[in-house]
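Reading through the structure tokens given below for one structure.
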Amino acid sequence: MYWEEERECMAREELEQLQLERLEATLRRVYMNVPFYRKSFDELGIDLDEIQSVDDLRRLPFTTKDDLRENYPYGLFAVPLREVVRIHASSGTTGMSTVVGYTKNDIKTWSNLVARVLTAGGVTKDDVVQISFGYGLFTGGFGLHYGAERIGASVIPISSGNTKRQIKIMQDFKTTALVCTPSYAMLIADTMYEMGINVNALSLKYGLFGAEPWSEGMREELQEKLKIIATDNYGLSEIMGPGIAGECLERKWLHINEDHFFVEVINPETLEPVEPGEVGELVVTTLTKEAFPMIRFRTRDLTRLIPEPCPCGRTLMRMHRVMGRTDDMLIIRGVNVFPSQIEAVLFEIEGTEPHYQIVVEREGALDQATVLVEVSEEIFFDEMKKQSQLIEKIKKRLASELGITVGVKLVEKKTLERFEGKAKRVIDRRKL
Ligand code: DLL
């Protein structure tokens, strides 16, 4: 049930002591080895001997993706390249990619932490794990691969794409756990139904999904369609890749591997900590990374911490599923809207398919958002009256959830793009 019980169920005081020791070591390491950190600590007149509690960490500056870009490719590495055994990079939709490195030890830690996440999601050495994340510079494929292998599961490194082949392998190799993005899992499920495959005849039991935001409605649909228990797991390449946090079988938010990562939640505007339990931007400091330590990295991901204990027995603090990224937030006529809010509404409405796209345009000085929703064939070819009733219903629900009216357009099944990796739900024509 646990991968490292002695760590995952640690008493709070003991954990905090461990965090402090590891933090002190990390700060010394970056001060000694990374000119970027030395310069910024010196400029602020920070004496590392004065950092005596994790709260003192607040005196240190944040690190942002821009800092990574400015130090491209190896400027923030804390060890010489000869000690680096792996390099990954995130493509980044905007600008230059960011490059991260791992020592032998980092790879060991990474495998262990992903093993924790997989174990929490139900995977054991008896499982056959199909890794349908891309292998390559993206951390998803390799990260989950190493974790599953660490557990001793039988790993199928199929990577993403070629959906029909994925399904054949799943049938022939008797896959019990599917690992990919939730949107790719949905594409696999839909393709199975189209092929007339009997899902009950498959061996699938678990789905471990991550790398993009998804809603509770999407979880329910995936669990139902694939007959699995679906859990969420979170991570980002700048910190390590997958393995930062993952849900246990309670499926009530993600346990953070706090013995390796110290987290804060801040108000992205004032940069001050939010009240405990309030939503804000997640900031992460690595406590054990050797090649690529990060001090107070601003993730841009919005979440909140859940201090209440989890019935599973893990004492590691949980974070709410990521609600969206500050840079994905649409400001439509002054109102903040996250694609995940729209997804949650659509999943509640009967007759809509779980495929949608949000198009934002500017008409004059006004922002116009239109949600394109796929609907079942019956509805699409139904009388106009029924269609406009459905449109009105979706509009009304969206208006009450978002606080603004957005346009809604029904589109025929399979007209919107499908994704084998991370889904792209928003088309923002304002910038074009
Ligand atoms: O997506 C690492 C990963 C791979 C995590 C596989 C989980 C599974 P990046 O490509 O650097 O790394 O993207 C990181 O993806 O800042 C979030 O915005 C988003 N993200 C990752 N996991 C989740 C999740 C990998 N479970 C960025 N829910 C992060 C919502 C997620 N968003």
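The values are calculated or read from the model by the stated rules, or taken from the named source; none is laboratory data. Values in this document were obtained by computation on a predicted structure and should not be read as measured data. Quick reminder, even Gly has a Cβ in these numbers, built from the backbone with ideal geometry, and neighbours come from all protein chains shown. We work out accessible area using only protein heavy atoms, side chains counted, and drop any ligands, DNA or RNA first. Shrake-Rupley method; radii C 1.70, N 1.55, O 1.52, S 1.80 Å.
Using mean Cβ contacts within 10 Å as the protection proxy, how do 296-302, 395-401 order, highest first?
Packing proxy ranking, top to bottom: 296-302, 395-401.
Which value results when the Cα radius of gyration for the stretch 269-393 is divided by 2.2 N^0.38 Å?
1.46
Under a Cβ-only charge scheme (Lys and Arg +1, Asp and Glu -1), can you give me the dipole magnitude of the chain about the Cα centre, in debye to the nearest 20?
Using Cβ point charges on Lys, Arg, Asp and Glu, the chain gives about 1260 debye.
For the chain, set up a GNM with springs between Cα atoms under 10 Å and report which of E350, E278, E83 has the largest fluctuation.
Judging by the Gaussian network model, the answer is E350.
Based on Cα coordinates alone, diagonalise the gyration tensor for the chain, multiply each eigenvalue by 5, take square roots, and list the semi-axes in whole Å, largest first. Could the numbers behind the result be given before it?
Working: eigenvalues 275, 148, 76 Å².
Gyration-tensor ellipsoid for the chain: 37, 27, 20 Å.
If you take every DSSP beta bridge fully contained in the chain, what fraction is antiparallel? Give it as a percent rounded to 5.
Working: 42 of 67 bridges.
Expressed as a percentage, antiparallel bridges in the chain total about 65.
Please give the per residue accessible area of the stretch 1-326, computed with a probe of 1.4 Å over protein heavy atoms only, in Å². Mind dumping the intermediate values first?
On the way: 13320 Å² over 326 residues.
About 41 Å² of surface per residue is accessible.
When you count, for each residue, the other Cβ atoms within 10 Å and take the mean per peptide, how do 213-226, 53-66 rank with the highest first?
Result, highest mean first: 213-226, 53-66.
Within 10 Å, count the other beta carbons around each residue, average over each peptide in 202-212, 185-195, and list them highest first. Write out the running numbers ahead of the final one.
Values: 202-212: 22.3, 185-195: 18.1.
Ranking the peptides 202-212, 185-195 by packing returns 202-212, 185-195.
Using a probe radius of 1.4 Å on heavy atoms only, what accessible surface per residue do you get for the stretch 330-428? Whole Å² is fine. Could the numbers behind the result be given before it?
On the way: 5260 Å² over 99 residues.
Accessible surface, normalised per residue, equals 53 Å².
Among P276, G217, A177, flag the residue with its Cα farthest along the positive direction of the charge dipole of the stretch 166-281, charges on Cβ as +1 for Lys/Arg and -1 for Asp/Glu.
Farthest along the dipole direction, towards plus: A177.
Could you count how many Lys pairs in the stretch 280-432 have their Cα atoms under 20 Å apart, skipping same-chain pairs fewer than 8 positions apart?
Number of lysine pairs found: 18.
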